[in-house]
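What follows is a single structure, written as structure tokens, with notes after it.
The values are calculated or read from the model by the stated rules, or taken from the named source; none is laboratory data. All values derive from a computational prediction rather than experimental measurement. Note that each Cβ is placed from the backbone with ideal geometry, even for glycine, and that neighbours are counted across all protein chains shown. Side chains included, ligands, DNA and RNA excluded: accessible areas come from the protein's heavy atoms. Shrake-Rupley method; radii C 1.70, N 1.55, O 1.52, S 1.80 Å.
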Amino acid sequence: MRPAEVRILDAAKACSERWGFEKVTVDDIARESGVSRATLYRLFPGGKDVLFEALRLRELTDFFDVLTAEVGDVDDLVELVVRLVATATAELRADDHLALMLAAEPGETLSQLTVDGLPRIMNVATEYLTPLVRPFVDEERAVVLIDVLVRATISYFLAPSPYIDLGDREAARTVVAPLVASFARSADSTT
């Protein structure tokens, strides 16, 4: 990514925190980033919508970079999934930008975590996590397991349970271990 693109995305993030997605303008972002409108449109043809989509994608890839770094060289599927779920939950909770957006524009932000944004989230999650899960289960089961884990993690983040804290590894293990065991059993039964 070029330095100007990084500055523009950083400016879009800052402006959205200040004014919200709906109120921020391309002029605001251009001014904040120190680039002209023409440069902004050249780098992000389509303007604000394309720019915010690029910002969401950057935030997602940064998020999954943290997750994949956290698991290191884990050689057990249960431990891998526990670390992924606990780290994802902790990262979501610690994301100040996400917290600001949930407070300022809950409808748009929730939409980007669920209905409108879930396909994007699932695509990035599948791209990043399938290679980690694949050594333990076949590709089809890996994709299904990732789908379930992403949906559960988002759900528990948005509506925390009074009974289970997925940000705590041992608590997450009580939920994840039986699920992973069922995937491992179904993988064993087909081999």
Note to self: When you check A159 against the structure, is it surrounded by 16 or more Cβ atoms within 10 Å (Cβ to Cβ) and either at pLDDT 95 or above or hydrophobic (A, V, I, L, M, F, W, C) (or both), yes or no?
What the structure shows: no
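Please go through region 131-140 and give me each residue that is buried (at least 18 other Cβ atoms within 10 Å of the Cβ) and part of a helix (DSSP H, G or I), ordered by number. It would help to see each step written out before you state the result.
Of all residues in region 131-140, those buried (at least 18 other Cβ atoms within 10 Å of the Cβ) come to 132-133, 136-137.
Listed by number, the residues that qualify are L132, V133.
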Next item on the list: Name every residue in region 11-31 that is open to solvent by 10 Å² or more (accessible area, probe 1.4 Å), under 18 Å from D96 (Cβ atoms) and either part of a helix (DSSP H, G or I) or among the charged types (D, E, K, R) (or both), in order of residue number.
Entry: K13, A14, E17, R18, W19
Next item on the list: Just give me the residues in region 148-174 being part of a helix (DSSP H, G or I) and under 18 Å from V71 (Cα atoms), in sequence order.
Entry: L149, V150, T153, R169, E170, A171, A172, R173
Next item on the list: Could you grab the pairs with beta carbons closer than 8 Å, sequence gap of 6+ or different chains, first residue in region 112-130 and in a helix (DSSP H, G or I), second one polar (S, T, N, Q) and surrounded by 14 or more Cβ atoms within 10 Å (Cβ to Cβ)?
Entry: Y128/T68; L129/T68
Next item on the list: Go through the residues of region 71-92 one by one and say whether even a single one is in a helix (DSSP H, G or I), closer than 25 Å to F21 by Cβ, of a type in the set (D, E) and at pLDDT 95 or above.
Entry: yes
